[in-house]
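Only the coordinates and a few stated rules stand behind these numbers; no lab work does. On a predicted model such as this, the values are computed, not experimentally measured, just so you know. Cβ coordinates were reconstructed from backbone atoms using ideal geometry, including for glycine residues, and neighbour counts include every protein chain displayed.
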Amino acid sequence: MKNINEKIRKVRELKGLTQQDMADRLHMSQNNYSKMELGHVNIPTARLKEIAEILEMSPQKIIAFDADQILNANDLPTYLPKENSCHEVVERFAKKLEEVYQRENNQLKEEIQFLRKLLEMKNRQ
């Protein structure tokens, strides 16, 4: 990721913000904001500072940002889709984790019932 516009887009997506969210906070149209992310217009230093404030990081950190060091989409487990936003990935992961927890919890409950029955049978003997 070499261009500042690409870095801004990736950070925005990881923060779970849409282009419209950014445009609203920058008091501009989504179309004009999109042009910035696509590199069709230069981003003045003052605008970069505004963007950095919205993204809650310094302009220097945006410039130095390397998404490959944070999360390689190819490393995601196969049950996680390669979404545009980190928020969507986290939500799906949390849902999958809850499903696994419920399944394991149910298995443990069944084992406890089985062991109780065995214990009752042994106590009757």
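Which FRET efficiency value, to the nearest 0.05, do you get for Arg124 and Tyr101 by plugging their Cβ-Cβ distance into 1/(1 + (r/R0)^6) with R0 = 41 Å? Mind showing how you got there, number by number?
Numbers: r = 35 Å, r/R0 = 0.85.
The calculated FRET efficiency here is 0.70.
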Proxy exposure order for Val89, Val41, Val100 (fewest C-beta within 10 Å first) is Val100, Val41, Val89
What's the exposure ranking of Lys61, Lys117, going from fewest to most Cβ atoms within 10 Å?
Lys117, Lys61
Obtain the radius of gyration and the Kirkwood radius of region 4-70 from its C-alpha atoms and give Rg over Rh.
0.92
